[in-house]
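The values are calculated or read from the model by the stated rules, or taken from the named source; none is laboratory data. From a predicted model like this one, the values you see are computed outputs, not experimental measurements. Cβ placement follows ideal geometry from the backbone for every residue including glycine, while neighbour counts extend to all protein chains displayed. Please note that ligands, DNA and RNA were not included when accessible areas were found on the heavy atoms of the full protein model with its side chains. Shrake-Rupley method; radii C 1.70, N 1.55, O 1.52, S 1.80 Å.
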Amino acid sequence: MSLSPRQFIKKWRFSLGAKFTLLVSGVLLVTMGGTAILNYQSQNRLFLEHLQSKGIMLGEVLAEISPEAILSYDFITLNEYVQDVSRQKDVVYAVYISPQNKPLNSYIDKDNPYISKAISELNTFNPTKIIKHVNTDPRIMVLEFPILFNKQHLGDVVIGMDRTRIESLSRHELLKQMLGNGFIILFLSICIYVVFRYNTLQPIHALIHGSERVAKGELEEKVLIESNDEIGSLAQSFNEMMGKLKKSTSEKDQALAQLKILNKTLESRVEKRTHELEILNRELEHQALHDSLTDLPNRALVQDRVQQAIIRAARNKKMFAVIMLDLDRFKEINDTLGHDVGDQLLKEVGQRLRSVVREVDTVGRIGGDEYFLILPGADRHAALQVANKILNVLEPSFLFEEISFSVSASMGIALYPDHGKDTATLFKRADVAMYAAKQNKSGYFVYSSEEDSHSPDHLALIGELRNAIEHDELQLFYQPIINQFTGRIFGVEALSRWPHPQNGLIEPSVFIPPLEQTSLIKAFTYWVLKTAFRQWSEWHNAGITVNITINLSMRNLHDPQLTTHIRELLDEWNVDEGCILLEITESDVMHDPPGVMNILNQLETMGLQLAIDDFGTGYSSLSYLKKLPVHIIKIDKSFVVDMDRDRDNSVIVHSTIDLAHNLGLKVIAEGIENQEVMHQLKALNCDFAQGYYLCKPLAADKIVEFIKCNRATFTVVSS
Ligand code: C2E
Ligand code: CA
Ligand code: CA
């Protein structure tokens, strides 16, 4: 890079060379300058001494030769004398002074600048005045010599000497010497700089360039300095350091290259692993949100999709429909044809459902045989169309393992926003509608607010109930059932109560119907079973063994997990299954005869006793009744309660007892409110009696008291 002269000077000013040269030059200048000034001073002194001796010599000569002319008043000679003296170099004037101190004869050098200056200043040629004036100047040296003759003082000779020439001569000499010295200094400085540059600066520059190369990572070229001084050894150390650095750099490069390779391998492994993990994650996510059997969205994903559909519909001010679908008789198929067939059926139903809906619609499986469809943008009409399509697509028989069978479904339709604005409400209302469809055997049912008891109050009630079940806040009361022939206790019927914090003890007729409209009835029945079994166990351990009859709802009979659950609870509480009697109302039995038949068979196989509750209200056919695995029928209390007054009812009770006995069934009459009815029933050979006349439903501890009071007549009687 070329530098401009200005830049060069600027750079040079701060360079080592400049500093060193300036230092040496300064030292030389001071010493030589000092010497020159000392020389000048001594020379000047010598010159002045010379001037003085010259003046003395002239004055003494004049004083020596003058007496004769003075004594003879030879003023011409005297004048010549002073004239001769005055003409000498550096003499300004010469003058004779009488003993009376009067000038006798004088001569002034008019060419002398001091004299001519005095003449012009005083404007006179009077030598005495001029001499007097000139004598005031310090550069005029005044020398006075007495003129003696035979020890007689004849006067004085005064000579004025001008120092100017001598002094300028000295200055001239000084200047010459200074100039010479200047040249010597310059020459020496250049020489010193050249030597310094060659010996010191160049090696230093070489080292600087070397370190610049090192900084750039160029470690090949060494610093070439052939010298034995400190700089030489510095260069040698520098080269050694560079060699080591080169070695370690190449080692480092090798290590880095290796590290790079390792990194690459690691990266590719990590990438591969990440990819695998991503796939696994996706699979896991899929698994978490999909039903493993049908690969359809599971309940969690369906709920999320409903939530999304709500957000979208709310934003776009659109509506959409949901359909909850439950297969009829699935449990029966599963139990009779085996789980493999059941699984295949569930899969194929899923496929058939998917085949009738659009890409944007969701078909999910939310439970055993329960499916859920979300139809974005669908109104009531579109939802009904889809429901019809579903009925059609499920119509063709299913064929698995050469077994052909047909399956029907019940669907509940709920619409956003008409029937609910949140996921939970839409689910509940679709569930209610589906239940209605099942009851009506209509295939599908659109939720209707007029028919449904799910008013906001009702929903709050359901919420409270759920809470009460979860927190074990419900209570079971027990009503004794007496054996008519022995007068002893046959067992107790478990009847639920809800001790409400604000509303007091709530009757089951208030809270059971709403429960039956939702799937919460399952949780409720499990709670009843568990509580009753625990109570049985407690009494049994206390030495009291009674039969306990438990009421089931129709929806429990469609619960595929019911039998498993009962089995588990029996085992958990170590309950003798023969002591448990399950009551199913006649109307429930008649609702889905084949389905109910299947579950009753299973329960019976498990060793449980079964009773038809509220008999006489469900118009059951006798032939069908004969096929059911039931042991007891309970005559509905509406016939019993006034049979002593109402002849028709008395006849119905009579014939029901006969009929049951003919079929080999035992009979419980409930609703006995007075002694007369009790007597009549005994006369009709009714096996067991239950009613307020005997005992009202009581809390568990009260029942123990009742049993203890009736100890004499107490024993466990198996039907
Ligand atoms: P239910 O199964 O027919 O039960 C008999 C009902 O008749 C009970 O009413 C009982 O207190 C009442 N009762 C007993 N003796 C007499 C009497 O002499 N005269 C009159 N008038 N009534 C009498 P409760 O306890 O109010 O239960 C009403 C219904 O609620 C039950 O009818 C049953 O269907 C249902 N229920 C009660 N507890 C449960 C339960 O735990 N699960 C299910 N699924 N249903 C239950
Ligand atoms: Ca009952
Ligand atoms: Ca009853």
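Brief remarks follow.
- Theoretical gain in end-to-end length, residue 388 to residue 186 [0.36 nm per residue, Cα-Cα removed]: 60.8 nm
- Inter-probe distance in nm under a simple model that places probes 7 Å from Cα toward Cβ, at residue 418 and residue 395: 2.5 nm
- Straight-distance candidates among the lysines for linking to residue 247, with alpha-carbon spacing under 22 Å and chain neighbours fewer than 8 residues away dropped: 216, 222, 260.
- Formal net charge of residues neighbouring residue 68 (Cβ-Cβ distance under 15 Å; K, R +1; D, E -1): -3
- Ordered by solvent-accessible area of protein heavy atoms (1.4 Å probe), largest first, the residues 317, 522 come out as 317, 522.
- FRET efficiency for the residue 153 to residue 123 pair, using the beta carbon distance and R₀ = 45 Å, is estimated at 0.80.
- Debye intensity ratio I(q)/I(0), log10, the stretch 299-451, q values 0.11, 0.15, 0.21 Å⁻¹ (C-alpha model): -0.40, -0.72, -1.32
- Highest to lowest packing among 419-425, 178-184, scored as the average C-beta count within 10 Å: 419-425, 178-184
- Exposed-loop-free span, longest in the chain, where GluC sites (Glu not before Pro) count as exposed if DSSP calls them loop and at most 15 other C-beta atoms lie within 10 Å: 474-719
- Calculated [θ] (222 nm, deg cm²/dmol) that DSSP helices of n ≥ 4 give over the chain, each run adding -39,500 (n - 2.57): -19000 deg cm²/dmol
- Each Cα pair of the chain feeds into the Kirkwood radius, which the Stokes-Einstein equation turns, at 4 °C and 1.567 mPa s, into a diffusion coefficient of 33 µm²/s.
- Label point distance in nm, residue 7-residue 299, each placed 7 Å from Cα along Cα→Cβ: 8.3 nm
- Rounded to 0.05, the FRET efficiency of the residue 405 and residue 308 pair, given R0 = 41 Å and the Cβ-Cβ distance, is 0.65.
- Counting only heavy atoms of the protein chains and using a 1.4 Å probe, residue 14 has close to 130 Å² of accessible surface.
- Exposure of residue 10 as accessible area (Å², to 10), given a probe of 1.4 Å and all protein chains: 130 Å²
- Using C-alpha pairs under 8 Å with a sequence gap of at least 6, the mean separation divided by the residue count of the chain gives a relative contact order of 7 percent.
- Point-to-point label distance, residue 257-residue 379, nm (Cα→Cβ direction, 7 Å offset): 7.7 nm
- Estimated FRET transfer efficiency when R0 is 56 angstrom, pair residue 37-residue 77 (beta carbons, to 0.05): 0.75
- The long axis of helix 202-216 is offset from the longest Cα principal axis of the chain by roughly 10 degrees.
- Rounded Å value of the spacing that divides the Cα centres of the stretch 478-528 and the stretch 57-96: 173 Å
- Cross-link reach list, lysines versus residue 708, counting only Cα pairs under 22 Å and skipping chain neighbours closer than eight places: 696
- Theoretical gain in end-to-end length, residue 22 to residue 111 [0.36 nm per residue, Cα-Cα removed]: 27.2 nm
- Solvent accessible area, Å² - residue 379, 1.4 Å probe, full protein context: 60 Å²
- Pairs with C-alpha atoms separated by more than 25 Å, drawn from the list 666/702; 530/682; 89/176, are 666/702; 530/682.
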